[in-house]
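> Got a structure here, written out as structure tokens. Questions coming.
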Amino acid sequence: MEWMELFIVLRGFFNMNPSDRKVILFFLLLFFIFLLLFSLKKEPSNKEALVYFKNELVLTIDLSQNDFYKTKGTQGDILLEVKDFQIRVVEENSPKHLCSKQGFIDKSYETIVCLPNEVVIKIKEKKGSSIDTVVK
């Protein structure tokens, strides 16, 4: 039934006046251009990653600088990579390597938790970097 409905819609489109088709195609093209521009727009990040080992802050990393960082875990050293305002665990010693399988994070509500190494990586906005609320 769905294919039949799609066919009816397409048949109606091709039975339109050519100028009507041009207007519809123009607005569809305009919509996709705006969609593409907004999806590719990357604002400069003013975030930092906080690395905790056994619930103590051991490292603060600026996410605007692409680099590799090393920190300690209970099962050995952990290698972190910062790239394009994101952070991830590259290498670590744990039984199933779940820490490195979590991939990149870049949002403040995302965390990397490496329980075997007792390491937690959180992202937060730098102080004074953004407006939290506006009250009138």
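> Do we have Val51 as surrounded by 11 or more Cβ atoms within 10 Å (Cβ to Cβ), of a type in the set (A, V, I, L, M, F, W, C), under 31 Å from the mean Cα position of the chain (by Cα) and farther than 18 Å from Ser100 by Cα here?
no
> Right, another one. Kindly evaluate Ile33 against the criterion of being of a type in the set (Val, Ile, Thr), touching a residue at least 24 places away in the same chain (Cβ under 8 Å) and either surrounded by 12 or more Cβ atoms within 10 Å (Cβ to Cβ) or on the phi < 0 side of the Ramachandran plot (or both).
Taking the combined requirement at face value, the residue does not satisfy it.
> Follow-up question, since we're still on this one. Evaluate the following for Leu63: is it at pLDDT 90 or above, surrounded by 12 or more Cβ atoms within 10 Å (Cβ to Cβ) and under 14 Å from the mean Cα position of the chain (by Cα)?
yes
> Inspect the stretch 80-99 for any residue being in contact with a helix residue (DSSP H, G or I) (Cβ under 6 Å, 6 or more places away or on another chain) and either touching a residue at least 24 places away in the same chain (Cβ under 8 Å) or assigned to a loop (DSSP other than H, G, I, E, B) (or both) and give the result as yes or no.
So far as the stretch 80-99 goes, yes, one or more of its residues are in contact with a helix residue (DSSP H, G or I) (Cβ under 6 Å, 6 or more places away or on another chain) and either touching a residue at least 24 places away in the same chain (Cβ under 8 Å) or assigned to a loop (DSSP other than H, G, I, E, B) (or both).
> Would you please name the residue that is nearest to Phe104 (Cα to Cα), looking only at residues in the stretch 66-79 that are of a type in the set (D, E, K, R) and more than 21 Å from the chain's Cα centre (by Cα)?
Lys70
The values are calculated or read from the model by the stated rules, or taken from the named source; none is laboratory data. Predicted, not measured: the structure shown is a model, and the values here were computed from it. For neighbour counting, all protein chains shown are included, and Cβ atoms are generated from backbone atoms with ideal geometry for every residue, glycine included.
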